[in-house]
1. Of the labelled options [x] 47, 21, 20; [y] 60, 19, 15; [z] 35, 24, 17, which one gives semi-axes √(5λ) of the Cα gyration tensor in Å as computed for this structure?
2. Exceeding 22 Å between C-alpha atoms, which entries from my cross-link table qualify? They are Lys180/Lys301; Lys26/Lys139; Lys180/Lys327; Lys271/Lys327; Lys165/Lys288; Lys306/Lys327.
3. Could you tell me how many degrees, from 0 to 90 and to the nearest 10, lie between the Cα long axis of helix 259-273 and the main elongation axis, the longest principal axis, of the Cα atoms of the chain?
4. Run the accessible area of the chain with a 1.4 Å probe and give the carbon-and-sulfur part as a rounded percent.
5. Work from the charge dipole of the chain (Cβ charges, +1 for Lys and Arg, -1 for Asp and Glu, about the Cα centre) and give the residue of Gly75, Ile124, Leu184 farthest towards its positive end.
6. Could you work out [θ]222 nm for the chain from helices alone, using -39500 (n - 2.57) per DSSP H run of at least four and dividing by all its residues? Round to the nearest 500 deg cm²/dmol.
7. If each of Glu99 and Gln63 carries a label point 7 Å out from its Cα toward its Cβ, how far apart are those two points in nm?
8. Taking the Cα-to-Cβ direction at Asp307 and at Ala278 and moving 7 Å from each Cα, how far apart do the two end points lie in nm?
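The values are calculated or read from the model by the stated rules, or taken from the named source; none is laboratory data. The structure displayed is predicted, hence computed values, not measured ones. Reconstructed Cβ throughout: ideal geometry from the backbone, glycine too, with neighbour counts over all protein chains shown. Ligands, DNA and RNA are excluded from the accessible area calculation, which covers all protein heavy atoms including side chains. Shrake-Rupley method; radii C 1.70, N 1.55, O 1.52, S 1.80 Å.
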Amino acid sequence: MKFLDQAKIHVRAGNGGDGCVSFRHKKFIEFGGPDGGDGGDGGNVVARCVDGLNTLIDFRYKQHFRAGNGKPGSGRQRTGASGKDVLVEVPRGTQVIVENPDENTGDGDSILLADLIRPGQEAILARGGRGGKGNMRFKSSTNQAPRQSQPGGAGTQAWLWLRLKLIADVGLIGLPNAGKSTFLAAVSRAHPKIADYPFTTLSPQLGMVYSGDDAFVAADIPGLIEGAHNGHGLGDRFLGHVERCACLFHLLDGTTVDVRADYRTVRLEIKKYGHGLAEKPFLVGLNKCDALSPEAIRESKRSLAKDDVRVISLSAITGMGVESAIKELFALIVSDGASTISTG
């Protein structure tokens, strides 16, 4: 299934049914009085968070969602049936955003309408119109036979953006070709595309990582480049996928000329992006150590120590240091205390 983390949809709630003008007709009762019933309420468009989905690709093929209209009222004080609601199922981590342009300039900030992170959580995207009142509602001491009723209200409608931010315990970050996908493939059953050239990963990947009786979810996002926080290389959208992670695992290519410069490039993008990413606990992994001499590994660690970071050496392709990295990450997740991990 293709991955899509952003989609635009149109939602339209149902209109309320009209109220009825009717009078009671019964043998031997000359003045039966009004008995027109109310119209039914229009249906709502409701978003529901469900498990088992991890992409918004379905909304590429279905963009319009319309709820049913309420039925009009009828005689004998009968209320019309309410319109049928329409359910929009979205994956965990979906945000619903409505654009709020200025009336004069057309520009303006977006408004977060809902943030759906728990299975079963719901949000009304478009609210149905209220049913109109029948003429029995207008009877008074001075108007015993009202011939007026109320029309049903109009349902709301809007164009909305759905934006998916994956929910995971560990976010794998780094420059392109740092070995993030290789690491994810080594520690989980995920099968990301792996090749010896930059930008192999074009969309985020999730994998379940097991260590004894413990387990956590890791998210591999595409490589970040300079200017990612401003959207270069779609970096701002990729960084959005690790906003909810308990911790970050920053992988570095140990074979590059200056690992400290690589480290600083990604950390600067994270700080500029904001949204609390720079404050998350993180671990730095010096990857591809199978291709380095012991002295080169020590030199890289001494260089990174100047930035006061915790560094672990590993080789995702050979498995060296991978189990130690998993244990370190699990410790960070537990210390964070706000994760989705499962423990036996």
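1. Only one option fits the structure, namely [y].
2. Result: Lys271/Lys327; Lys165/Lys288; Lys306/Lys327 exceed 22 Å.
3. For 259-273 against the chain, the angle is about 20 degrees.
4. Carbon and sulfur together cover 48 percent of it.
5. Gly75
6. -5000 deg cm²/dmol
7. Reported label-point gap for Glu99 and Gln63 is 1.2 nm.
8. Modelled inter-label distance: 1.3 nm.
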